[in-house]
Every structure is written in C-alpha cells, then in structure tokens.
Amino acid sequence: MADLSSDDIEDVQEVFDLYDFWDGRDGLVDAAKVGDLLRCSGLNPTCDIVNRNGGTKKFGEKQYKFEEILPIYKAVSEETDTGTFADFMEAFKTFDREGQGYVAAAEVRHVLTTMGERLTDDEVTTIMKYTDTEEDLDGNIQYEKMIKKVMAGPPEKK
C-alpha cells in the first residue's frame with residue numbers, strides 16, 4: 001500500500017497482530033473488531049464510518065487479512081464527514097427552548113453520554129475544559145462558542 005507511510009503500516013501491523021493473537025493466531029481479524037482496531041491505530045471513526053468501510057455488527061460474518069485492513073485504514077483516515085458548523089448549531093437549537101443561544105449544561109452532558117456515539121463523563125469534562133465552556137449562574141452554557149472551539153480542534157503545541 002504505497003499511499004501509507006511505513007510508520008502507519010507498521011503501527012497498523014502491530015495492532016493487527018495483537019488482535020490476531022487474541023483471536024487464535026490464524027492471520028485474520030473479525031470484521032466486528034475493525035472499529036476497535038482502527039481506533040487503536042490512532043483513528044477515531046464513528047460506528048457508521050466503520051460499517052461503511054467493511055466493519056460488521058455481528059461476529060463471524062467476515063474476516064480480514066492484514067493486506068485487506070490497509071485499504072480500510074486508508075479510507076477511514078481520509079474520511080472528512082465530520083458535520084458542519086450549521087449542523088451542530090441546528091442540533092443545539094433543538095435544546096435552546098428560549099432561542100437565546102443557551103442550553104442547560106446538564107442536558108448537554110446527558111445527550112453526549114447517552115445518545116449516538118456516546119462519550120464518557122470524563123470525555124465530556126475534557127471537552128468542556130479545553131473549550132473553556134463554563135456554566136452561567138443558571139447552569140446554562142453558550143453553545144455557539146463551544147461549537148466554534150470544538151471545530152477549531154486542539155490548540156497547536158509550541
């Protein structure tokens with residue numbers, strides 16, 4: 001796979017070997033574990049992205065050799081379907097009952113930990129910390145600022 005760096009291939013090989021080891025050393029990894037394998041390789045795909053690229057929900061439906069995992073890794077690493085600012089604003093407006101740009105912090109935490117691609121409480125706390133999102137006296141947060149900071153990504157290290 002000439003499009004991947006030798007470091008990427010080596011990293012994926014190492015993770016593949018670990019999954020293969022726990023599956024009986026037959027040179028195959030079950031498609032139901034592809035998402036976990038990709039995440040251990042440094043990617044962060046949603047379940048939908050994994051399923052579109054060869055992952056399965058049930059064990060035993062398909063098995064992959066290492067050579068078959070590399071194109072999946074490449075496709076997922078190039079995935080850009082992350083949503084737009086407008087998408088996220090629209091989602092938050094659902095919870096903004098008064099239309100003032102604020103939602104209850106507790107409600108945001110609840111939604112992020114119980115729906116869709118669920119986050120842990122610690123992950124939500126980390127997001128709030130790194131986006132400098134603080135509750136006002138009523139327990140609400142200004143979601144537009146938070147969305148902008150999340151979409152900007154982590155600050156560059158100096």
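Just to confirm the number: angle between the C-alpha axis of helix 143-152 and the first principal axis of the chain, 0 to 90 degrees, nearest 10?
Once rounded, one gets 30 degrees.
Report the gain in length on full extension from GLU117 to GLN63: 0.36 nm times residue separation, minus Cα-Cα distance, nm rounded to one decimal.
The GLU117-GLN63 span can extend by a further 17.0 nm.
Within 10 Å of each residue's Cβ, count the other Cβ atoms and sort PHE59, PHE21 from fewest upward.
PHE21, PHE59
For segment 85-151, what ratio Rg/Rh do Cα atoms give with a Kirkwood hydrodynamic radius?
Across segment 85-151, the Cα-based Rg/Rh ratio is 0.92.
What is the order of MET128, MET151, MET115, MET89, fewest Cβ neighbours within 10 Å to most?
MET115, MET151, MET89, MET128
To test your reading of the geometry: what angle, between 0 and 90 degrees and rounded to tens, separates the Cα axis of helix 6-22 from the longest principal axis of the chain?
So the inclination is approximately 80 degrees.
In debye, nearest 20: dipole of the chain around its Cα centre with unit charges on the Cβ of K, R (+) and D, E (-)?
Roughly 240 debye, rounded to the nearest 20.
For the chain, what is the mean residue ellipticity at 222 nm derived from helices alone (per DSSP H run of n ≥ 4: -39500 (n - 2.57); sum divided by total residues; nearest 500 deg cm²/dmol)?
-15000 deg cm²/dmol
Distance from a point 7 Å along Cα→Cβ of ASP23 to each backbone N in segment 51-67: keep the residues under 16 Å and list them by number.
51, 53-67
List the trypsin sites (Lys or Arg not before Pro) in segment 96-152 that DSSP assigns to loop (not H, G, I, E or B) and whose Cβ has at most 11 other Cβ atoms within 10 Å. Which are they?
Listed in order of number, the matching sites are ARG97, ARG118.
Could you work out how far helix 66-77 tilts from the main Cα principal axis of the chain, as a 0 to 90 degree angle to the nearest 10?
So the helix axis and the longest Cα principal axis differ by about 20 degrees.
Roughly what percent of Cα-Cα pairs across the chain reach past 26 Å?
42 percent
Once phi is turned into ³J(HN,Hα) by the Karplus curve 6.51 cos²θ - 1.76 cosθ + 1.60 with θ = phi - 60°, what whole-Hz value does each residue of segment 119-133 show in order, with x for glycine and proline?
9, 7, 4, 5, 5, 5, 4, 4, 4, 4, 5, 6, 9, 6, 8
Computed from the coordinates by the stated procedures, all read-outs in this text should not be read as laboratory data. Since this is a predicted model, take the numbers as computed values, not measurements. No Cβ is skipped: glycine too gets one built from the backbone with ideal geometry, and neighbour counts run over all protein chains shown.
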